[in-house]
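Quick note: the coordinates plus some simple rules give every number you see, no bench work behind them. Here the structure is a predicted model, which is why all the values come from computation and not from measurement. FYI the Cβ positions are ideal-geometry reconstructions off the backbone, even for glycines, and counts take in every protein chain you see.
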There are 2 protein chains.
Amino acid sequence: MPYSNDALLQLASDVRMTSQLLSRRIRFESASEVAPHQFSVLVKVWKQPRTPGELAELERVSPPSMTRTVNCLVDAGYLTRQADPSDGRQRVLTLTDAGAALVEKTIHDRDDWMLRRLEGLTDAERADLARAVEILARVLEK
Amino acid sequence: MPYSNDALLQLASDVRMTSQLLSRRIRFESASEVAPHQFSVLVKVWKQPRTPGELAELERVSPPSMTRTVNCLVDAGYLTRQADPSDGRQRVLTLTDAGAALVEKTIHDRDDWMLRRLEGLTDAERADLARAVEILARVLEK
DNA sequence: TATTGTTATACTCTATAACTATA
DNA sequence: TATAGTTATAGAGTATAACAATA
């Protein structure tokens with residue numbers, strides 16, 4: 001039975017609401033030691049070193065806001081600033097050991113929270129989730 | 001083939017990351033006219049009228065913060081305060097027509113954004129997503 | 001006396017505009 | 001002259017503590 005427009009809209013709404021609810025629960029139930037916007041920056045730098053300007057664009061905040069956020073994270077010992085030898089204007093940010101540890105611990109806690117919620121599922125249900133994840137990842141690439 | 005512990009942890013991580021990525025995209029790509037925390041309050045009141053105290057608890061903010069947020073939304077014409085006849089201390093908040101219109105327009109925009117991303121999928125893929133939504137909704141009830 | 005909500009005050013996050021250093 | 005980043009300043013969100021009104 002092919003999907004009608006109404007059924008597809010309903011599915012879109014269900015996917016959106018479930019994702020937002022799950023995301024909210026993850027944020028609330030395994031909070032990091034730093035504020036959410038600060039943690040988001042740490043994760044970006046954890047994936048790869050970044051300049052303040054790149055981070056401001058990725059986080060959709062102004063450069064001055066990112067300067068302040070970065071200052072806090074440097075003061076807290078999670079980030080370090082390094083001069084870029086190829087362009088004296090830029091300053092590359094990297095994680096300290098404490099910063100990497102914080103990111104990895106928080107990610108582990110969140111994955112563990114999610115894991116406990118998937119433990120009671122059947123293998124068929126887990127396979128459904130795996131397929132859905134693959135589909136959504138593909139959809140979000142566009 | 002039954003799921004190993006490692007495979008289940010990987011699945012948990014994939015589900016978590018996909019949900020957070022999707023949620024972030026929705027938030028960024030179809031922003032409301034009011035700030036996110038304000039919109040969240042409007043949605044709560046849209047579902048049912050609420051007192052400031054209930055909203056503070058639902059949103060995990062302090063009562064004074066909620067007072068301020070509610071003041072902004074009342075001033076902007078999205079909420080109205082009404083006295084509770086059964087308890088003079090409480091003040092029940094309800095949406096104005098403009099508030100309801102804003103909530104419904106934003107929800108529609110977000111669902112439409114999601115819909116456009118699901119349009120290219122096969123019926124089998126859509127059915128996978130529908131099953132995944134049902135599974136996650138069940139998991140989140142606990 | 002306990003509860004609901006608001007006001008007082010201080011701190012943090014955000015933005016725009018202005019400034020410094022480098023390209 | 002343009003770009004990367006920071007500082008200056010102001011506006012908005014948040015919290016704790018104190019207060020007002022009601023139960």
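Please give the net charge around B:ALA12, taking every other residue with its beta carbon less than 12 angstrom from that of B:ALA12, where Lys and Arg add +1 and Asp and Glu add -1. Each step should come with its number before you reach the end.
Working: positive: A:ARG110, A:ARG116, A:ARG117, A:ARG126, B:ARG16; negative: A:ASP109, A:ASP111, A:ASP112, A:GLU119, B:ASP6, B:ASP14.
Charge balance near B:ALA12 sits at -1.
Across peptide B:105-112, how many C-beta atoms of other chains are within 10 Å of each residue C-beta, on average? Present the calculation step by step, with values, prior to reporting the outcome.
Details: counts 0, 0, 3, 2, 0, 5, 9, 3.
So the per-residue partner count for this stretch is 3.
Would you mind calculating the relative contact order of region A:29-117 from Cα pairs under 8 angstrom and at least 6 residues apart, reporting the percent as a whole number?
Numbers: 92 pairs, mean separation 29.4, N = 89.
Relative contact order of region A:29-117: 33 percent.
Remind me, what semi-axes does region B:24-70 give for its equivalent ellipsoid, largest first in whole Å, using sqrt of 5 times each Cα gyration tensor eigenvalue?
Details: eigenvalues 84, 27, 15 Å².
After scaling each eigenvalue by five and taking roots: 21, 12, 9 Å.
What is the set of long-range amide H partners of A:ARG50 at a cut-off below 5 Å, with H atoms built 1.01 Å from backbone N?
A:LEU93
Binned at 10 Å from 0, what are the whole-percent values of the Cα-Cα distance distribution for the protein assembly as shown, short to long?
6, 23, 28, 27, 14, 3, 0, 0
Relative to the longest principal axis of chain A, what angle (0 to 90°, nearest 10) does the C-alpha long axis of helix A:36-47 take?
The answer is roughly 80 degrees.
If you fit an axis through the alpha-carbon atoms of helix B:97-118 and take the longest principal axis of the Cα set of chain B, what angle between them do you get, 0 to 90°, nearest 10?
10 degrees
Amide H of A:LEU79: which non-local residues (sequence gap of 5 or more, or other chain) have their own amide H closer than 5 Å, using H built in the peptide plane?
Excluding prolines and chain starts, which carry no amide H, the hits are A:VAL74, A:THR96.
Count charges around B:TYR3 for me, please; just the other residues with Cβ under 11 Å from its Cβ, Lys/Arg as +1, Asp/Glu as -1. Can you show the working numbers first?
Working: positive: A:ARG126; negative: A:GLU119, A:ASP123, A:GLU125, B:ASP6.
Here the charged neighbours net out to -3.
Dividing the Cα convex hull volume of region B:7-142 by residue count, how many Å³ per residue is that? Walk me through the numbers on the way to the answer.
On the way: hull volume 20.3 nm³, N = 136.
In region B:7-142, the Cα convex hull volume per residue is 149 Å³.
Within straight cross-link reach of B:LYS47, meaning Cα distance under 12 Å, which aspartates and glutamates are found once same-chain residues fewer than 8 apart are removed?
Output for B:LYS47: B:GLU104.
For helix A:5-29, what angle does its Cα long axis make with the longest principal axis of chain A, in degrees from 0 to 90 and rounded to 10?
Helix A:5-29 sits at roughly 50 degrees to that axis.
Under the definition of partner shielding as Cβ atoms of other protein chains within 10 Å of a residue Cβ, what is the mean value for peptide B:121-129? Intermediate results must be reported in sequence, preceding the final value.
Working: counts 6, 3, 4, 2, 7, 8, 5, 10, 11.
Per residue, the number of nearby Cβ atoms from other chains is 6 on average.
Quote the convex hull volume per residue of region A:1-80, based on C-alpha atoms, as a whole number of Å³.
136 Å³
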